[in-house]
């Protein structure tokens, strides 16, 4: 009897490991052309397969550390398949696996075969019909490191998808993403009180509402709460880039204390912007105190004058944004905007963000953060 006849047949785990070695090698070739997209698709299917094997295979217990060790032996110079990262891949797949667009898109990339990985994904995809292809493109365009940050910080997929879209729209670095999440952009975006519902046509109204936040965070101006309006305005001009970043993509500064002449009298608007996505002027009026109903009338005047004196035929109606230290009671603001026919919004702005004493002792120290980062790098 030959030696080959005595050789044991490969175990189910050995066959599974061999399959993934081949798949990873194939993906390395494709990655030279489409690095991030191919990697994320690989991670998605790998995540689904890890979950399936852990649920069904006899060798599924303790799978991830074992798999990471064997991949390290097979590909000693390959990163991205550490124990820590494989746990992230599994968590990432479980987090998004009910989203129809992702499942359908991944299934469409797989060749027809009877392999369990294809069957798993295609069975999930068959449950869904309405596919958001735009979201799929965004999902696979976001770098893996950004996905990890979003996965760690977001409470649900609605918030996660919001930050995925914003990352692509604004080309955020990982630090910029962390900064926006720290400032809680998700809960601020589109929260200003407006009258856009009846003053702007669709979809212009929805786009304009999404453009505004509440509150705006201007703590980078290094001003105290006692600062006057002119102090805030002057500081904003010294930090124009940061102000534009906080206002959001599309804002272009036209001028500060922009002068207009109406019936022979000169008036000055605090800040005048042009929004390149909405194709309209945006008049910003700063107030150092609480919102008062008469402020809406003055801003309405500025918007009307801007429409008559500056707006050209391609431009959409001018939008007014009233930024107050306190917006006051919502009902008062809504009454003030109700019968105004120019599109206006009201929001608060923040100059300082102090940390409550009760939180200071429970936050990690610099040394703790450095130690955690060192551990993260060692595990990659």
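At q = 0.14, 0.16, 0.21, 0.28 Å⁻¹, what log₁₀ I(q)/I(0) does a Debye calculation on the Cα points of the range 131-176 give, no solvent, two decimals? Ignoring solvent entirely, the Cα scatterers give -0.28, -0.37, -0.64, -1.12. Were the residues from residue 222 through residue 249 laid out at 0.36 nm apart, the gain over their Cα-Cα distance would be 7.4 nm.
So how much slack lies between residue 137 and residue 335, counting 0.36 nm per residue of separation and subtracting their Cα-Cα distance, in nm? Present the calculation step by step, with values, prior to reporting the outcome.
Numbers: separation 198, 0.36 × 198 = 71.28 nm, distance 4.20 nm.
Length gained between residue 137 and residue 335: 67.1 nm.
Label-to-label distance, residue 240 versus residue 315, with points set 7 angstrom from Cα along the beta-carbon direction: 1.8 nm.
Take the Cα of residue 14, step 7 Å toward its Cβ, do the same at residue 84, and the gap between the two points is 3.3 nm.
Over the range 187-350, what is the percentage of antiparallel beta bridges among all DSSP beta bridges, to the nearest 5? Of the beta bridges lying entirely in the range 187-350, close to 55 percent run antiparallel.
How high is the relative contact order of the range 239-280, in percent, with contacts defined as C-alpha pairs under 8 Å that are six or more residues apart?
Numbers: 50 pairs, mean separation 15.8, N = 42.
Rounded, it is 38 percent for the range 239-280.
Estimated at 0.36 nm per residue, the fully extended path between residue 326 and residue 202 surpasses their Cα-Cα distance by 41.7 nm.
Every number in this text was worked out from the coordinates using simple rules, so none of it is lab data. The structure displayed is predicted, hence computed values, not measured ones. Counting neighbours? That spans all protein chains shown, and the Cβs are built from the backbone with ideal geometry, glycine included.
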